[in-house]
Amino acid sequence: MIRLFVGLSMPEEIRQRLSLLNGGVPGARWEPPENYHVTLRFIGEVELGRAEDIDAELHRLRMPSFTLSLSAVDHFGPHDKARVLYVGVERNEMLQRLQAKVENAVQRAGMPAETRKFTPHVTLARLKDSPVQRIQTFREQYNLFRAGPFAVTEFTLYSSHPGKGHSVYHEEATYPLEAA
Ligand code: 3AM
C-alpha cells in the first residue's frame, strides 16, 4: 500500500518567504520548507496497482500552465481549537480547472469522489492547544502577507510517509502543464 496525494510544488524563493513566517505560536509544529505544497487531491492509502492507474490517468491530463499567488494567513478548525495554520491561495480560475481535472482523473482510476470542498492552501503548521490570542495575533500580523505570482508548470503525485514529528513527502511523478 502507498499513501498518495496530488499537489503543486513551489519555487525555492517562495518556500523561503513562507518559512520566515514560522514562529510565535506556542503548540505549533511547523512544517519544514521542503514539505510546502498546495494539495489538489488527497487520495490516501491505495494498492500499487491502483497507484499505477492513477499515474496513467494523470499523465493523460492536458492543461495550460498558469500563475499562482499566495496571500494572507488563516486557520482550519474552530476558533478556540484551531488545527492548522495556513497561507491562502488567491482566487484562481485555472487552479480550479486543474483541480477539477485531477478529480476526474482520480475518479477514472476508480477512486470514489471527493465530497469535501476544495480550499487551496499551503499548510504552515499543525497546532495543538495553541492559545487563541496567539493565533489571532499571528493572523493579524500576516494579514497582508503576499507571495508570488509564480509559474505553475507542472503538478505532482506525492507519497506520504510517517516521519519524526512531521510527514515526509516523496515526489513519485510529475506531470507537465502545457506552455501557456
Ligand atoms: O495540504 P495539507 O498539508 O493541508 O493534511 C494532509 C495534507 O494536507 C492531508 O493531505 C495532505 C498530504 O498529507 N490529509 C491527510 N490525511 C487526510 C485525510 N484522511 C488528508 N486530507 C483528507 N483526508
Every residue from the stretch 98-141 that is under 19 Å from the mean Cα position of the chain (by Cα) and among the aromatic types (Phe, Trp, Tyr): 118
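So which residues in the stretch 48-79 are among the polar types (S, T, N, Q) and part of a helix (DSSP H, G or I)?
none
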Lone qualifier among 45, 13 - being more than 22 Å from residue 117 (Cβ to Cβ) and in a strand (DSSP E or B): 45
Unmet requirement for residue 44, which otherwise passes all of (1) at positive phi; (2) away from the ligand (no atom under 13 Å from the Cβ): (2)
Residue 1, sole failed condition from (1) open to solvent by 40 Å² or more (accessible area, probe 1.4 Å); (2) over 18 Å from residue 161 (Cβ atoms): (2)
Residue within the stretch 37-52 that is open to solvent by 40 Å² or more (accessible area, probe 1.4 Å), of a type outside the set (Asp, Glu), within 25 Å of residue 144 (Cβ to Cβ) and out of contact with any Phe, Trp or Tyr (no Cβ under 9 Å at 6 or more places or on another chain) present: no
In the stretch 73-83, the residues that are open to solvent by 90 Å² or more (accessible area, probe 1.4 Å) and either away from the ligand (no atom under 13 Å from the Cβ) or touching a residue at least 60 places away in the same chain (Cβ under 8 Å) (or both): 79, 80, 81
Those residues of the stretch 41-72 which are more than 23 Å from residue 169 (Cα to Cα) and either touching a residue at least 60 places away in the same chain (Cβ under 8 Å) or touching a Leu at 6+ places or on another chain (Cβ under 9 Å) (or both), in sequence order: 62, 63, 64, 65, 66, 67, 71, 72
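The values are calculated or read from the model by the stated rules, or taken from the named source; none is laboratory data. Quantities reported herein were computed from a predicted structural model and do not represent experimental measurements. Please note: Cβ atoms are built from the backbone with ideal geometry, for glycine as well, and neighbour counts cover all protein chains shown. Side chains included, ligands, DNA and RNA excluded: accessible areas come from the protein's heavy atoms. Shrake-Rupley method; radii C 1.70, N 1.55, O 1.52, S 1.80 Å.
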